[in-house]
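Structure, as structure tokens:
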Amino acid sequence: TVGAVALDSAGHLAAATSTGGYTNKPAGRVGDSPIIGAGTYARDGACAVSGTGQGEFFIRHVVGHEIASRIDYLDESLEHAAGKLIHLDLARYNIGAGLVAVDAKGNIAAPFNTDGMFRGWITPDGDLSVASHREVFFVERL
Amino acid sequence: MKPIALAIHGGCGVMAQTGLSQQEWEEARADLASALRAGWVVLSKGGRALDAVQAAVIVLEDSPHFNAGHGAALNAEGEHELDSAIMDGATLAAGSVSAVRRIRNPVKAARALLEDGSLLMLTGPAADRYAEEHGLEIVSPDYFTTQRRTDTLKTMQAHERAGTAASASEAEKHG
């Protein structure tokens, strides 16, 4: 699964996700990526989210919308809300799960519970970094 | 200028079991950087977040190193069924497609639906037809297949026949 989240200079958020599902999945199976609110979600003022992992659980927990709601209604930080979903709410299922998210201030979160996640980000000051395991590689300042 | 930001992912898993060579790791990380640059070009020129996420995802769909587009996982019937979605936080407009088989970049089909505005989600052959009717690039399903995905499917199905599917590695299950 791949995905992207962004905050633009007008303060708008967006999210996109694309996937082949998983190897040997039953024909006709649909995961969370195309389910708005689960694997893909964006709401101005809150956050944009794209997920990766066993989609059935992302759908049950409506992960993207849940993170946005926690930010909106409980005033949780992006890092806290996204981290709780991955490391607490989904932890009991013993599934691989991760996501990237950005909030209205440009804060970025990329929690995952596996030993790695392909990921990368560009911070508001233009620093581009990528990673696959725990180590993060700074690439360049744009 | 107000802050802009961009983040991407290319899937999570037990990386030690993926069997990628050092060169493949480096190529994958280089493709991540390319996807970020594609999105950043849009944002740094004052463009829309919606266009930036689409630009970034297209690069990842075109890379053989990730499970989307070219390089996508195969289902139990040895076919590709691709899913994608895109959402605009400003308007809550969204588009999504599922189980598509012939759209080179499924995220473009999702975007076409978002722009259309009358439907939110299309699935299966109807989504493929919709994309074709809207001028999106259509490819043969084998465009999406890489040798790695074929090998992974064969391994998984061998595990099933042997009754050892539960012991299959994360890489074998999820590619």
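Overview of results
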| read-out | value |
| --- | --- |
| Cα gyration tensor, the range A:14-138 - rounded (a/c under 1.5), prolate or oblate | oblate |
| Prolate/oblate/rounded label for chain B (Cα gyration tensor, a/c 1.5) | oblate |
| On Cα atoms only, tilt of B:49-62 relative to the major axis of chain B in degrees | 30 degrees |
| Within the range A:34-86, trypsin sites (Lys or Arg not before Pro) in DSSP loop having at most 16 other beta-carbon neighbours inside 10 Å | none |
| Most mobile listed residue (A:Ile95, A:Ile108, A:Ile86) in chain A, GNM with C-alpha springs under 10 Å | A:Ile95 |
| Set of lysines near B:Lys2 by C-alpha distance (under 22 Å), chain-local residues within fewer than 8 positions excluded | A:Lys105, B:Lys45 |
| Degrees, to the nearest 10: A:63-74 long Cα axis against longest axis of chain A | 50 degrees |
| Loop GluC sites (Glu not before Pro), the range B:88-154, which have at most 14 other Cβ atoms in a 10 Å radius of their Cβ (DSSP) | B:Glu137 |
| Degrees between helix B:22-44 axis and first principal axis of chain B (Cα, 0 to 90, nearest 10) | 10 degrees |
| Positive-end residue, the range B:14-80 charge dipole about Cα centroid, Cβ charges, pick of B:Asn67, B:Gly19, B:Ser44 | B:Ser44 |
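Rule-based calculations on the coordinates, nothing more; no lab input. Predicted, not measured: the structure shown is a model, and the values here were computed from it. Note that each Cβ is placed from the backbone with ideal geometry, even for glycine, and that neighbours are counted across all protein chains shown.
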